[in-house]
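The values are calculated or read from the model by the stated rules, or taken from the named source; none is laboratory data. The shown structure was predicted, so the numbers you read here are calculated from the model rather than taken from an experiment. In this analysis, Cβ positions are derived from the backbone assuming ideal geometry, glycine residues included, and neighbour counts consider all displayed protein chains.
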Amino acid sequence: MKPTLITTAIASLGLMANAAHAQTEITWWHGMGGHLGEVVNQIAEGFNESQDDYSLTPVFKGSYEETLTGAIAAFRAGEQPNIVQVFDAGAATVIGAQGAAVPVQDLLEANGHAFDIEDYIAGVRYFYADSDGKMIGMPFNSSSPVLYYNADALAEAGVEPPATYEEFAEIAPAILEAGYTPLVQTHLPWEFVENFHSRHNLPFATNDNGYDGAAGTEILINSPEMAMHFTKVKEWLDAGLFGFHGTSWDDNKAYFLDGSAAMYIGSSGDFGGLAAMDLPFEWASTYLPYWEEITREGYQTFIGGASLFAMSGHPAEEDAATAAFLEYLTSPEIQYMWHRETGYVPITNAAYEMAKEDGHYDRFPAAETGIKQLMLPAGENTAGYRMGFYVQIRDVENRELSRFLNGETSIEDALATIEAEGNALLARFAQTAIN
Amino acid sequence: MAELSHTILLPPEQARAARPVAPARRHRRPLRWGAVGNHAVLIAGALFMLAPLLMLVQMSTIPDAQIMRTGPSFEIGDRFWPNLEKALTESMSFSGETTGLNMFRNSMILGLGFALGKIVISMMAAYAIVYFRLRFATLAFWLIFTTLLLPLEVRIVPSYEITQKLGLLNSWTGLIVPLIASATATFFFRQFFMSVPEELLEAAKIDGAGPVKFFIDILVPLSRTMIAAMFIIMFVFGWNQYLWPVMVSTEEGKFTLVQGIKQITQGLEGGHIPEYGRSNILAILAVLPPVLVVVFFQRWFVKGLTESDK
Amino acid sequence: MKRAGFDNPWLPILLLLPQLSIICLFFYWPAWQALRSSFFLEDPFGFGETFVGLQNYTRLWDSPQYMKNAWFTLWFSFLVTFFSLAIALLLAVKADTVLRGARTYRTLLMWVYAVAPPVAGFIALILFNQRWGPLTEAFAQFGWLLRVRLEYFDTAFAMIVASVWKQVPVNFIFFLSGLQSIPRAVREAALIDNRSGISRFWTVTFPLLAPTGFFLLIINITYSLFDTFGMIDTILRNNPGDQPVTLVYQVYLDGFRGQDIGGSSAQSVVLMVLVLALTVFQFRLVERRIHYT
């Protein structure tokens, strides 16, 4: 039942304070399963209890892709949810469709909530923003790739965790000697391609990494730096210094969990899960390595994960409810709770300060790695990237890079194929938007 | 009557032999070893079929953390009942409506509703095509049978839009009716009706039976086996739907088991300890009802399936 | 149509109405939209579209990846069909011969028919887990290191095993009932002529089962094209990488997951034409069978 304007007005005047008055109901479609879903539900319950005017219902819609496709189909049908969680690779689709989403910055300001993008952590704030720096989607479950290491294994090998790939190449034989696979990764495009560009402040696409618009944007993946990196990775793989177990996240991470891999590059958000698993060895995390031969100092990485978009086409009182929820979600208390429970980074400076004061990072030093990495020096190429049909481009990256690592193609051919197919997809995407 | 239809469906010499071969004759087999070999092959086949399910049961009895490290084994632990209780009564959603029991009920509604709807609609259509002199019968036939060409998976987005335009999202109608838009059952019933002897119709006409009376009093009873078989096939098909329910049902109170189990396996890909125990139980729950239906009604099922290919 | 049909003018229309209206609403309308979309590039939210003529089709032809998927689909269908027919035939012949426990065997061999495809994929994921999957371990005993979801070939193997597992029961049911309808006289004559079981099978039983086999051939090809969708989806978990993908799954990947409506619609149309050809072939086959028997 939708409340009429009158009932909402009466309710807000407090005339029905004692009666069970009609609340404005809003929905939030998300792709957070398992434990993450439970925390999402906690947040929603907290919001509903914190006030009487609005009622939020989160609905788990399956994978990120199913959530987004469901929301798009629903939008075409005029049945869209108020809030939808959109993953990093899908953001360009939503932002590219002018009018599908209300920029969260506009929404918050229009409903009387103060908004300052500087309140958000540096590596977080611009990924889902437009080229003018206006925030379109609210970063939600944000994480960055970091390096986790099995401290016992490194001690056994007598080495320290590496800060650069050069250092890694030096210590890796000793780790192998000690009986461990030195390193595995979990997501080739995110860790070895996208954030590789950010960490070294290299352009990833033309048109300011795609932020200036879809027309004419081209991917810049076929670079000597990429070729060098993957050539090295392949050498390590062949020498047993690196483990590759396919493009699935879990298939790779499992080798760290069972103690056979000494280090893995994973999401800073993995921290919460690792802590819950009670692993039989000491572990910690450090920054994502970079190549000293490309840059003397590593730059910040950007966020992965997903953001919340406020979909357009809802009555004003529902938008007000959405704004109220976003305000609640970004409050330091909730951000800290989310950070503590899941391992995702808090998105505001205030929440980070609160966690620090609370001694969270004294108890769990690994929890801070991701945030600190996001606050490293920024460059012109560290905000993120915006490319349409990026889901398919990621598929091409995964496909060609796996083929290279499996020895089926050369790195030159792999990168050239990604560039060619990627640019063809980008050109197609640009055509969808015209008219 | 059923005998009669059977005879018509099979070529004459096959029909005569359709009765089981007298077992007495088979008792004198020349080679005992041959029989042992036969059993060995069959037992191997049965194990090939059964082992994966037993593995799921085994995995649901041991702690999730252990499975994550070592996988399935021959060890039987004590987690089965707690996992079962969790799967049946605990919800993983905000609304608290996606418990195993609730999803079980929804799957039942989907399976039964789909099977019933499909059979009624298909029988009516097949009857019209076969038993009436209709100018556009051929056109209707092709209109209906072209639907065999394109499964729902590849036309799912436009189908969704249309379902919405009709205001049918989150309704049982919206969930079930679009799934009926495929002609498999109509095709089978048409083949079956064609095989019913013409004399029956002529006799009925002489007795003064109209089309409705003929359909209800003669044709439907005659089709009992066929209906039962179709019912089983369609129940299994409806129960096992995944992608369409995911699209159409966004209210958690309407989630089905197959939908739930797929979503849980997606939860396996995450930061925390994957819930193998609960997902395995849900997988077993999702499989059990259609399997039981097939096993208990296998006589009809087999007969319907094999006769429908003619 | 029956020769002595009823002449009622409005009743058949009434009878056909529910089916026809459902089909028009939920089949022809969406199919028409797919056909139309295949000539456009469309913003997923429906804000804009560009007419691109045949571009959505020509790029398929030009894409080595699409051609690779087409080849995979072809040999995947062939292998699934071949092995599920062969295993089912072997089991049916044996089940037809044994005296004891025939019913039990039949039940044990057919129940898998009812298993939902995603569940079959879920089971395959466990069986072929890279670290502790029972089948991975079993093959390792023979020196084959299976790395499913890493090696193209190994993943294809897992998909084929899971598909065969799920499809053997249907074929088994058909073959068994086909065998049981072989005339007693034929069996006895064969027994006298041919003492060897194997040559008896090839000279007598196999030819008699050929019509059933033909019919099953089509059923199995359709199965491996379309019904393996849920299984493949569960195995790849939305992450195709360089792993094998069937044409139907590619439609889903591009359209449902990648929001490329035009591109995936064109692929749907290609599939439609493919299945149309198959159906025509099937109808001609069925007609010939009726003619000969």
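Worth a mention:
- Within the range A:398-425, residues that are in a helix (DSSP H, G or I) reach partners that are of a type in the set (Asp, Glu) with beta carbons closer than 6 Å, at six or more positions or on different chains, in the pairs A:Arg399/C:Asp242; A:Ser402/C:Asp242; A:Arg403/C:Asp242; A:Ala414/A:Glu400; A:Thr417/A:Glu400; A:Ile418/A:Glu397; A:Ile418/A:Glu400; A:Asn423/A:Glu218.
- Residue that is away from chain B (no Cβ under 13 Å) and over 25 Å from the mean Cα position of the chain (by Cα), where the choices are C:Trp144, C:Trp132: C:Trp144
- Residue match in the range C:190-211 (condition: within 23 Å of C:Val80 (Cα to Cα) and in contact with a Lys or Arg (Cβ under 8 Å, 6 or more places away or on another chain)): yes
- The residues of the range C:62-105 that are under 23 Å from C:Phe229 (Cα atoms) and either aliphatic (A, V, I, L, M) or in contact with a strand residue (DSSP E or B) (Cβ under 6 Å, 6 or more places away or on another chain) (or both), listed by number, are C:Met67, C:Ala70, C:Leu74, C:Leu79, C:Val80, C:Leu85, C:Ala86, C:Ile87, C:Ala88.
- Residue check, A:Thr247 within 14 Å of chain B (Cβ to nearest Cβ), β-branched (Val, Ile, Thr) and within 21 Å of the chain's Cα centre (by Cα): yes
- Of all residues in the range A:143-155, one or more are out of contact with any strand residue (DSSP E or B) (no Cβ under 9 Å at 6 or more places or on another chain) and assigned by TED's automatic domain parsing to the domain that holds A:Tyr264.
- Among the residues making up the range C:153-178, those that are among the small types (Gly, Ala, Ser) and within 13 Å of chain B (Cβ to nearest Cβ) are C:Ala158, C:Ala162, C:Ser177, C:Gly178.
- Test result for A:Ile117, β-branched (Val, Ile, Thr), over 20 Å from A:Ala89 (Cα atoms), surrounded by fewer than 18 Cβ atoms within 10 Å (Cβ to Cβ) and in contact with a helix residue (DSSP H, G or I) (Cβ under 8 Å, 6 or more places away or on another chain): yes
- Here B:Gln241, B:Gln259, B:Gln263 are screened, and the one residue that is touching a Phe, Trp or Tyr at 6+ places or on another chain (Cβ under 9 Å), crowded, with 22+ Cβ neighbours inside 10 Å and at pLDDT 85 or above is B:Gln241.
- Of all residues in the range C:197-210, one or more are crowded, with 16+ Cβ neighbours inside 10 Å and touching a Phe, Trp or Tyr at 6+ places or on another chain (Cβ under 9 Å).
- Extreme residue, surrounded by the most Cβ atoms within 10 Å (Cβ to Cβ), among residues of the range B:94-150 that are facing chain C (nearest Cβ under 7 Å) and at pLDDT below 80: B:Leu134
- Per-region count, the range C:7-21, residues under 24 Å from C:Met272 (Cα atoms) and crowded, with 22+ Cβ neighbours inside 10 Å: 1
- Residue match in the range A:382-389 (condition: at the interface with another protein chain (Cβ under 10 Å from one of its Cβ atoms) and modelled with pLDDT under 95): yes
- Yes/no for C:Leu91 being in a helix (DSSP H, G or I) and closer than 24 Å to C:Ile235 by Cβ: no
- Scanning the range A:233-248 for residues that are in contact with a strand residue (DSSP E or B) (Cβ under 9 Å, 6 or more places away or on another chain) and either touching a residue at least 40 places away in the same chain (Cβ under 8 Å) or not assigned by TED's automatic domain parsing to the domain that holds A:Val396 (or both) returns A:Val233, A:Lys234, A:Trp236, A:Leu237, A:Gly240, A:Leu241, A:Phe242, A:Gly243, A:Phe244, A:His245.
- Helices (runs of 4 or more DSSP H) enclosed by the range A:1-84 - at least 1 residues per element that are modelled with pLDDT under 80, in the same structural domain as A:Glu327 (by TED's automatic domain parsing) and crowded, with 17+ Cβ neighbours inside 10 Å: A:5-13, A:34-50
- Checked against the criterion of being over 30 Å from C:Asn171 (Cα atoms), more than 10 Å from every other protein chain (Cβ to nearest Cβ) and assigned to a helix (DSSP H, G or I), the candidates C:Trp32, C:Trp61 yield just one match: C:Trp61.
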